[in-house]
């Protein structure tokens, strides 16, 4: 089959330099289970202290390619590597200093992320998170599994680590590695700070960011529910009559990533508010198609819209 048409699974490994990515990938490629006829492209995006030992791989069909500069990443390059080596799957050891958007933006359409693992050195996590917050946060947003390795019992605050990951993602699975064959899964519960099973869900201003993420990740949980929430009018004239965009600016990581987190809303009355106004709305939520989303999503059918004073702070955070 044409290599540009068939799906190619991608196994993505992220984390900062010396976080254990190379060691883990080496162990995977040494596993007897990896001894097959499939051709694997190993893309290495950083040069650490540990080097790969291809002689120990159980398969002779692993092709190693280096990408030393983030500017080299392109759809054309990746597609050409797939064709040149006639690959069946891809392993990417990603550079911890590069944002994942640089990679996701150039992945060929038939390269499908099958699994993403992030490795973080527990002994340096707090330092990296403080001094390189954007890069650290970026790596915690999308992995299926996040491994805190080099953990020492009693010498780190598991709850603090857990909280930092949950700010980035509520779905990533977390494990703590204390040594070979000594791994502890994170079982800390994450109760929502509001009751989404209440007859009327009232979202306090300080919980807007978490609520917005939850309603987008789990829209069916809110189908038919009623909500009271405060935010800003974003769009009116550009939308169909009776429809407007409603939401707040949300900061998830740092000032540079502040974005407007909005939802589509319908209001049967003649609309008399303008862009930027702060309003409290009461609405019934339906998961339906909206031109604003160009797909199905949570839509507010308002029964009440009232102008209110601006919230302080104006930007919502987790």
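The values are calculated or read from the model by the stated rules, or taken from the named source; none is laboratory data. These figures come from a predicted structure and were not determined experimentally. Ideal geometry is used to build each Cβ from the backbone, glycine not excepted, and the neighbour counts take in all protein chains shown.
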Could you check how many residues of the stretch 251-263 are over 18 Å from residue 298 (Cα atoms) and in contact with a strand residue (DSSP E or B) (Cβ under 9 Å, 6 or more places away or on another chain)?
-> 5
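Could you tell me which of the residues 214, 190, 195 is part of a loop (DSSP other than H, G, I, E, B) and touching a residue at least 24 places away in the same chain (Cβ under 8 Å)?
190 is the lone residue from the list that is part of a loop (DSSP other than H, G, I, E, B) and touching a residue at least 24 places away in the same chain (Cβ under 8 Å).
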Select from the stretch 239-251 the residues that are at pLDDT 85 or above and in a loop (DSSP other than H, G, I, E, B) and list them in ascending order.
-> none
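Among the residues that make up the stretch 121-144, is at least one of them more than 18 Å from residue 16 (Cα to Cα), within 19 Å of the chain's Cα centre (by Cα), free of Cβ contacts under 8 Å to residues at least 60 places away in the same chain and surrounded by 15 or more Cβ atoms within 10 Å (Cβ to Cβ)?
no
One residue is enough: does the stretch 148-166 have a residue meeting the conditions within 30 Å of residue 284 (Cα to Cα) and surrounded by 14 or more Cβ atoms within 10 Å (Cβ to Cβ)? Working first, answer last.
The initial filter retains those residues of the stretch 148-166 that are within 30 Å of residue 284 (Cα to Cα), namely 166.
This time we only want the ones that are surrounded by 14 or more Cβ atoms within 10 Å (Cβ to Cβ), so: 166.
Looking through the stretch 148-166, at least one residue is within 30 Å of residue 284 (Cα to Cα) and surrounded by 14 or more Cβ atoms within 10 Å (Cβ to Cβ).
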